[in-house]
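Written out below as structure tokens is the structure these notes cover.
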Amino acid sequence: MCRREAPQFQRAAKSGEPLLVACTQETRLFLELNENTEGAASIEERPIHFVNIREMAGWSAEAKQATPKIAALIAAASLPPPEPVPAVEYRSEGRCLVVGAPEACEQAAALFGDAIEVTMLLTAPSRVAGRGMGVGISQRHESEVQSGQLVSLTGRLGAFEATWTSANPIDLDLCTRCNACIAVCPEGAIDLSYQIDLSRCKSHRDCVAACDAVGAINFGREAHETTASFDMVLDLRDAPAFTQHAPPQGYLHAGSDAGKLTQAVLQLGAMVGVFEKPKFFKYQNNLCAHSRNEQIGCSAC
């Protein structure tokens, strides 16, 4: 249709039948005509659908070749609307696991402030030069602090499960960060992240005596595995835990990039509450006929 076919449109609008107009350029005009045509149903009672057949099917000079495609476009536009995309509900209470070196984890925790419940998993020694120098983890117990190596991470926003192994003789939950162990260690084997470098430690156990009142150091503690649940994960290590193109909702990898860290903190801060996201499917490349043969076997996806 074009503007000159306005009378034909008005007759069709008064018929009460489902209305499909093969023109998108004049959509506004036809909607106004429908509103101003006596006896025509409103678009709430009888919606009007529009389809573009001019640019999508070919030019009039190619009519013989374009007609089948025009018919297909009109038939497709006449189909009922597709079913809504399945959705998944996400519930996040703001429990965030921050994984990485001590200084990076501390920086992230400070940026989160009180808005997010942070648990830090320190996976590397503190990057400090010499005993007692630099900045490790805070002496204030504002966030839960764990140490070890992340061995598995699964899940999605609101339902992550992380497992890590720990062999550090210092219990970071009991440790008061008084630095007495750092001061007395003759080998300088303890850094400000309160990790003990067992390859440098000569078993003097001066640190154990210095920590006697608190009892946070125990060399007899066996390596153990811990599993915990979190709503979100901020990964500050060099290599991400997820390598697929689209990692799970609620997982962000910032590495050592300060700009990405700030952006990730802002994004995760907005992921507290109840959300609906599209349901994803798992693509198995080796089963796809198109990928295997480089020919279109189907277009179901």
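The values are calculated or read from the model by the stated rules, or taken from the named source; none is laboratory data. Just so you know, these numbers come straight off a predicted model, no measurement behind them. No Cβ is skipped: glycine too gets one built from the backbone with ideal geometry, and neighbour counts run over all protein chains shown. Just the protein is used for accessible areas: all its heavy atoms, side chains included, with ligands, DNA and RNA removed. Shrake-Rupley method; radii C 1.70, N 1.55, O 1.52, S 1.80 Å.
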Name the one entry in 55, 26 that is charged (D, E, K, R) and closer than 14 Å to residue 6 by Cα.
26
Which ones in the range 155-170 are closer than 21 Å to residue 95 by Cβ, of a type in the set (A, V, I, L, M, F, W, C) and open to solvent by 50 Å² or more (accessible area, probe 1.4 Å)?
159
Output for the range 171-182, where each listed residue is part of a loop (DSSP other than H, G, I, E, B) and surrounded by 14 or more Cβ atoms within 10 Å (Cβ to Cβ):
171, 172, 175, 177, 178, 179
Looking only at strands (runs of 3 or more DSSP E) that fall completely inside the range 28-113, which ones have 3 or more residues that are open to solvent by less than 50 Å² (accessible area, probe 1.4 Å) and at pLDDT 90 or above?
95-100
Within the range 211-230, how many residues turn out to be in a loop (DSSP other than H, G, I, E, B), farther than 18 Å from residue 163 by Cβ and hydrophobic (A, V, I, L, M, F, W, C)?
5
What pairs come up if the first residue lies in the range 205-223 and is under 13 Å from residue 168 (Cα atoms) and hydrophobic (A, V, I, L, M, F, W, C), the second is open to solvent by 60 Å² or more (accessible area, probe 1.4 Å) and outside any loop (DSSP other than H, G, I, E, B), and their beta carbons are under 8 Å apart, counting only those six or more places apart or on different chains?
none
Those residues of the range 183-197 which are closer than 15 Å to residue 124 by Cβ and assigned to a loop (DSSP other than H, G, I, E, B) amount to 191, 192, 193, 194, 195, 197
For residue 204: the one exception among (1) touching a helix residue (DSSP H, G or I) at 6+ places or on another chain (Cβ under 9 Å); (2) part of a strand (DSSP E or B)
(2)
Test residue 244 against the criterion of being modelled with pLDDT under 95, surrounded by 16 or more Cβ atoms within 10 Å (Cβ to Cβ) and of a type in the set (S, T, N, Q), and give yes or no.
no
